[in-house]
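Inspection log for the structure reproduced underneath, given as structure tokens.
The values are calculated or read from the model by the stated rules, or taken from the named source; none is laboratory data. Given the structure is predicted, the values throughout are model-derived calculations rather than measurements. When we count neighbours, we look across all protein chains shown, and the Cβ atoms used for this are built from the backbone with ideal geometry, even at glycine.
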């Protein structure tokens, strides 16, 4: 079994602060007294922060009756309510009475309304439907269709079953979480939604397990619904092409190298995030478990291979005061923040070993080989060569169909670390990796700049693709 880092913790949804925590499900019960109905902080503090003081049985807009809490975040609360008009259960996003979050909610509702006007005429499409909006006592509210649990909630429940009590974490057990056929169906829905967004010149920018929901709720005694239909949610950070470019987007663990390096970004960031998500569904843990920028890049190199020299040179030229890069290479472990961080990176297996649980695992199969191939294409460093959503839908792992006979299948050549530099600086093993504290800087609406700078968009240095016939070429289907 491959050694991996310790379990990560997920907190509340982030704000624009670098140290903000990620979302965690809140209690589905309601309390009374001096404590708020949605947590342990006082009502006075919640009012001061602009939250709506919710109570079971409250009626919103003379129509929606409050039932129970579903989730919480920096934006506000998500509450299950009963629609007295439609006689149906809905999910209502109750936004804090703070100008910033009210403005983001307005943008989200406008984006969802625009997207829904373009959806094909069928009953189900893998994007959450906005039913209507209204304002309640100064709080903007978005009424959404009620769906099942998020992928994160399901995998968290699976993890409790996989981990023996009292024996610490056993993360990184591929095959103990979602099956490959389930991952394939989830991927198909996600890429269909992403392809549609990209055709509209819209980038989600925050794809992660928490933002993908099952359409249906699971049956009793079951973690996964009988139908693996899923839908994307949370379009508060979605960005039109003309609005995006250089801002820091994506939750760190799902953030592609071009964003971390400050090279500009485009639609391709969503596809990198999907590669991280699909790997996590199989192994049960984050692919890149970190909260440190340099460590994140080192983890990429350890798991996927060396970053292209031209990308690092461009990043160095843009950040002349940053000494993280030298001569087109990442200065690691020289720039490690601690011995603990250095050890954490060194403990990570290559992607193939991570998927099968070890070099000699019996898990390896043609289906897993196809899954591995898909991940390599999605986790391509250079955005211009990263697999697009429409091509991902056509990939054999997702479509279930084999490629036409005789058609070359591009594969990326793995580039090892400079072993002399790596071994020279490694230190003896120390205390196992501490649990990471994820962060999520979000500043989605900065002025647009080139999403794929020409200085590295077509570079192949240190990160090439090799066809099975020995020739070189971009990943295409």
**Prompt:** Going through the range 174-199 one residue at a time, which ones are surrounded by 20 or more Cβ atoms within 10 Å (Cβ to Cβ) and part of a loop (DSSP other than H, G, I, E, B)?
**Reply:** 174, 177, 178
**Asked** How many residues does the range 211-259 hold that are at pLDDT 95 or above and in a helix (DSSP H, G or I)?
**Response** 7
**Prompt:** Listed residues 159, 146, 84; which is at pLDDT 95 or above and under 29 Å from residue 286 (Cα atoms)?
**Reply:** 146
**Complete:** All conditions in (1) part of a helix (DSSP H, G or I); (2) touching a residue at least 24 places away in the same chain (Cβ under 8 Å); (3) touching a strand residue (DSSP E or B) at 6+ places or on another chain (Cβ under 9 Å) are true of residue 274 except (3)
**Message:** Kindly evaluate residue 287 against the criterion of being under 26 Å from residue 194 (Cβ atoms), in the same structural domain as residue 182 (by TED's automatic domain parsing) and either in contact with a strand residue (DSSP E or B) (Cβ under 7 Å, 6 or more places away or on another chain) or in a helix (DSSP H, G or I) (or both).
**Reply:** no
